[in-house]
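Have a look at the structure below before the remarks.
The values are calculated or read from the model by the stated rules, or taken from the named source; none is laboratory data. Bear in mind the structure is a predicted one, so any value in this text is a computation, not a measurement. Cβ placement follows ideal geometry from the backbone for every residue including glycine, while neighbour counts extend to all protein chains displayed. We work out accessible area using only protein heavy atoms, side chains counted, and drop any ligands, DNA or RNA first. Shrake-Rupley method; radii C 1.70, N 1.55, O 1.52, S 1.80 Å.
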Amino acid sequence: MTQRILARLSIIGATALLAACAGSHIPSPAHVVPIAAIDSSAVQLGTALATVEQDSAADQSALDSLHGRTAEAAPRTNQPLAGEDVRQEAEQLFGGETATFDIDVTTFAGNRRVLEYLEFFQLDARDRFEIWLSRLGRYEGMIRERLRARGLPEDLVYLTLIESGLSNTAVSRARAVGMWQFIAGTGRGYGLQIDPWVDERRDPFKATDAAVAHLDDLVQRLGSVYLAAAAYNAGAGRIEREIRRLPGEPDSVDDQTFFQIADRRNLRRETRDYVPKLIAAALIAKQPMRYGFTDIQRLPPLVFDEVSIPDATGLDVLARLADTSVAAMLELNPQFVRGITPPGRGVIVRVPRGAGARVAERYADLPINERVTFVDHYVSSGQTLSTIAQRYKVTVTMLQAANPHLRTHTLRVGQRVIVPMSGRVVPLAAWSNPPEPKIRRVSNTYRGTSSAARGASRHRVSQGETASGIARQHGIGLMALLEANDLTMRSVIRPGDVLLIPSR
């Protein structure tokens, strides 16, 4: 308990406590880090960030295949279809007492689309789905606890499999972020902080609190778990409109209502298939060995202490103070999108369990010029690696070492470059913010092939028009328009741009 309390102390408080207990403290030579080690630390951070980016890209590729899959997809030529085998497996699942669910899996396990997604997870996405199942070990207990506290079905935990593969760094084409895939507006509406330094949509604990609150609101509003799940994907208003379009005057709605509105094909394919994906993922995740996933190594839950950090400090520096790896610090603190805590304000940082007091003590002794080993630079038009190196007074070799996946001859405008700082104090003016994405210019024919593009109409922007005015003109919500076009509230539209107008 004493160690836990120490870990939560601010740096000033920790320093005062240490001075009271042991007099003036002289930094240990072991904590004095040479400049060469600082440069190496920035390189380690760059390598770790590149690894995270590569892993996220692999997740997103599998998720794009999952969400873009259609019933009309061509049959495989190199693999036998396993539909009948899967059907028998689904039926056998309920023949004994080997698994129980608190969402209605039993009634709909034989649904054609459920069986197709069972097959997809077992064959097409097998390698990635194994990784996602292993990640459940990290977060399943925490998520179930929060769902249970709200009185929601705990098996809604499996939404994370089809939303993001439990990736905290996932970013969809609609700019939805994190394990629970919040767009910025919804995330902020549920109390998540989102700025160029901190994005709590990537924080698995805070994002889960927000997602559970959102799901609770949807269940209360719609009266059905599966309708709430569909609304999590498409928005409550859209689901309510489809319920009103059903023939007759239903006395009540339930989970079967979702399949009734899905059969009418007014919803996007991704939404019509959302619940079948959930059921298929739940069937496999509950009993992976039954579906051929026989070697899943579940990752252990995250355990940590928390330390108050008062100003900009690199996670690579904190990793060194905690005697852990940069990768471990990034996993504990994915909300710090730039690998560094924000300048000019204090935040709580997670460190491995048992390291909190040690980090607080060492940080109090850390010279200010050793808190930050790098800055991140965003490429502007005409810049080369050489001009960037000259600007920061470093060598091109140092930039290449800190950015292992950087292609020096094909820099993109807005691309992030990690710049080692060689032990220098970083002025606030050195930090630049990432560029805001703007709508891309398109030709007379919009060539999008995403699920948002299929079935949507187009609107060519005229002089003086605004995004909010266009949304009102077409009777849709502003956030729906922005999401369909990969825009943010600060994005700029210009006359001649073509916008996708999502179906209502």
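A few notes on this one:
- Filter pass, Arg173 being within 13 Å of the chain's Cα centre (by Cα), more than 27 Å from Met329 (Cβ to Cβ) and open to solvent by 30 Å² or more (accessible area, probe 1.4 Å): yes
- When Arg144, Arg148, Arg128, Arg138 are checked against the criterion of being open to solvent by 10 Å² or more (accessible area, probe 1.4 Å) and free of Cβ contacts under 8 Å to residues at least 12 places away in the same chain, a single residue qualifies: Arg148.
- Qualifying residue in region 319-339 (condition: within 12 Å of Val307 (Cβ to Cβ), touching a strand residue (DSSP E or B) at 6+ places or on another chain (Cβ under 8 Å) and among the hydroxyl-bearing types (Ser, Thr, Tyr)): no
- Flag if Ala429 is at pLDDT below 65 and not in a loop (DSSP other than H, G, I, E, B): yes
- Of all the numbered requirements in (1) touching a residue at least 24 places away in the same chain (Cβ under 8 Å); (2) part of a loop (DSSP other than H, G, I, E, B); (3) under 19 Å from Lys286 (Cβ atoms), Thr106 misses one, and that requirement is (1).
- Listed by first and then second residue, the pairs linking a residue in region 204-216 that is among the basic types (Lys, Arg) to a residue that is open to solvent by 10 Å² or more (accessible area, probe 1.4 Å) and in a helix (DSSP H, G or I), with Cβ atoms under 9 Å apart and 6 or more places separating them unless they lie on different chains, are Lys206/Glu200.
- Flag for Thr387 being farther than 20 Å from Gly314 by Cβ, out of contact with any helix residue (DSSP H, G or I) (no Cβ under 7 Å at 6 or more places or on another chain) and free of Cβ contacts under 8 Å to residues at least 40 places away in the same chain: yes
- In region 217-237, the residues that are in a helix (DSSP H, G or I) and in contact (Cβ under 8 Å) with a residue 60 or more places away in the chain: Val219, Val225, Tyr226, Ala229, Tyr232, Gly237
- Test: residue in region 176-185 that is surrounded by 19 or more Cβ atoms within 10 Å (Cβ to Cβ), in a loop (DSSP other than H, G, I, E, B) and of a type outside the set (A, V, I, L, M, F, W, C): yes
- For region 482-501, the condition of being at pLDDT 80 or above, open to solvent by less than 50 Å² (accessible area, probe 1.4 Å) and in contact with a Ser or Thr (Cβ under 6 Å, 6 or more places away or on another chain) holds for at least one residue.
- Matching residues, region 396-415, being of a type in the set (A, V, I, L, M), in a loop (DSSP other than H, G, I, E, B) and open to solvent by less than 60 Å² (accessible area, probe 1.4 Å): Leu406, Leu411
- Filtered by the rule that a residue be buried (at least 16 other Cβ atoms within 10 Å of the Cβ) and either in contact (Cβ under 8 Å) with a residue 60 or more places away in the chain or not in a helix (DSSP H, G or I) (or both), region 151-162 gives Leu152, Pro153, Asp155, Leu156, Tyr158, Leu159, Leu161, Ile162.
- Listed by position, the helices (runs of 4 or more DSSP H) contained in region 276-395 that have at least 2 residues being open to solvent by 50 Å² or more (accessible area, probe 1.4 Å) are 326-332, 356-364, 385-392.
- Taken over region 136-172, the residue count meeting the criterion of being more than 24 Å from Asp216 (Cβ to Cβ) and out of contact with any helix residue (DSSP H, G or I) (no Cβ under 8 Å at 6 or more places or on another chain) is 1.
- Annotation: of all residues in region 253-267 being of a type in the set (D, E, K, R) and assigned to a loop (DSSP other than H, G, I, E, B), the one that is most open to solvent (accessible area, probe 1.4 Å) is Arg265.
- Residue within region 238-252 that is within 14 Å of Tyr226 (Cβ to Cβ), in contact with a Ser or Thr (Cβ under 7 Å, 6 or more places away or on another chain) and either open to solvent by less than 70 Å² (accessible area, probe 1.4 Å) or assigned to a helix (DSSP H, G or I) (or both) present: yes
- Within region 41-73, the residues that satisfy the criterion of being surrounded by 15 or more Cβ atoms within 10 Å (Cβ to Cβ) and at pLDDT below 70 are Ala42, His67, Arg69.
- Those residues of region 280-328 which are charged (D, E, K, R) and under 25 Å from Asp104 (Cβ atoms), in sequence order: Lys286, Arg290
- In region 198-209, the residues that are over 14 Å from Ala176 (Cα atoms) and in a helix (DSSP H, G or I): Pro204, Phe205, Lys206, Thr208, Asp209
- Residues that are basic (Lys, Arg) and touching a helix residue (DSSP H, G or I) at 6+ places or on another chain (Cβ under 8 Å), drawn from region 201-221: Arg201, Lys206, Arg221
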